[in-house]
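Structure first, commentary second.
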Amino acid sequence: MSAKIRKLVVEVEETRLEMGQAITPPKRKALAMAVIENPYAGRYSENLDELIAIGEELGALLGERCVKALGIAPGEAQSYGKAAIVGEGGELEHAAAILHPKLGAPLRNAVEKGAALVPSSKKRGGLGTAIDVPLGHKDAAFVRSHFDAMEARVGDAPRAHEIVVAVVVTDSGRPLPRIGGLQVGEIKGEDGLR
């Protein structure tokens, strides 16, 4: 089954100044969201295969939209994250079905590689509900400079029978990182941790 998408939203956030310090080059995050119909809204189903397939479709679509919005080659992406907000007619497991079994592989393809787990969050909410999309380096979870988040919100979603699915991709870490830990230049990218 293909996702029934009511709306696509793409935003780019660019930080140029932090605590009076110029950020050169600017740090950029791209957020892509799809507002989709929830095929299981209002009913219990033991099998959530339709949402699992939709997750796979959206991993590619939203990941590619983020990379395109940043204007970078896929391999230049540095961190990623995913999240979903389920309307009141659904359940948290509907968000889990979209986010966890199959969304990750096509998102990794969209950003080239991606050895690390894709950080995620999920919640239930009504129109205009916001969610923080957690971020981590795509190839090494121990890179502290990339622990971050970006708020995702669609003013008229999710309706009771909808789900908002969000993906964030960045071209860098936080502005002015200085808490130590594994540095980007030290990444081996073999185990998803270092």
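A few notes on this one:
- Backbone N within region 102-120 under 17 Å of label point (7 Å from residue 60 Cα along the Cβ vector): 102-113
- Residue with peak Gaussian network fluctuation, the chain [Cα springs, cutoff 10 Å], from 26, 134, 158: 26
- Two-site label geometry, residue 113 and residue 194: point separation in nm, points 7 Å out along Cα→Cβ: 1.6 nm
- Here the 3J(HN,Hα) profile of region 180-194, calculated from phi with Karplus coefficients 6.51, -1.76 and 1.60 at θ = phi - 60°, is x, x, 4, 9, 3, x, 9, 5, 9, x, 9, 10, x, 9, 10 Hz, Gly and Pro shown as x.
- Model label zone, residue 4; criterion: amide N under 17 Å from point 7 Å along Cα-to-beta-carbon; scope region 96-114: none
- Phi to ³J(HN,Hα) by Karplus 6.51 cos²θ - 1.76 cosθ + 1.60 over region 160-168, Hz, x for Gly, Pro: 3, 9, 10, 9, 9, 10, 10, 10, 10
- Once exposed loop GluC sites (Glu not before Pro) are cut out (DSSP; at most 14 other Cβ, 10 Å), longest piece of the chain: 113-189
- Extension gain for the segment residue 12 to residue 93, taken as residue separation times 0.36 nm less the Cα-Cα distance, is 26.3 nm to one decimal.
- Note on the chain: helix-only mean residue ellipticity at 222 nm, from DSSP H runs of 4+ residues weighted -39500 (n - 2.57) and normalised by residue number, equals -6000 deg cm²/dmol.
- Among 150, 33, sorting on how many other beta-carbon atoms sit within 10 Å of each Cβ, with the fewest leading, yields 150, 33.
A short reminder: the numbers here are calculations on the coordinates, not readings from a lab. Predicted model, so just to flag it, every value in this text is computed and none were measured. Cβ sites come from the backbone with ideal geometry, for glycine too, and all protein chains shown count toward neighbours.
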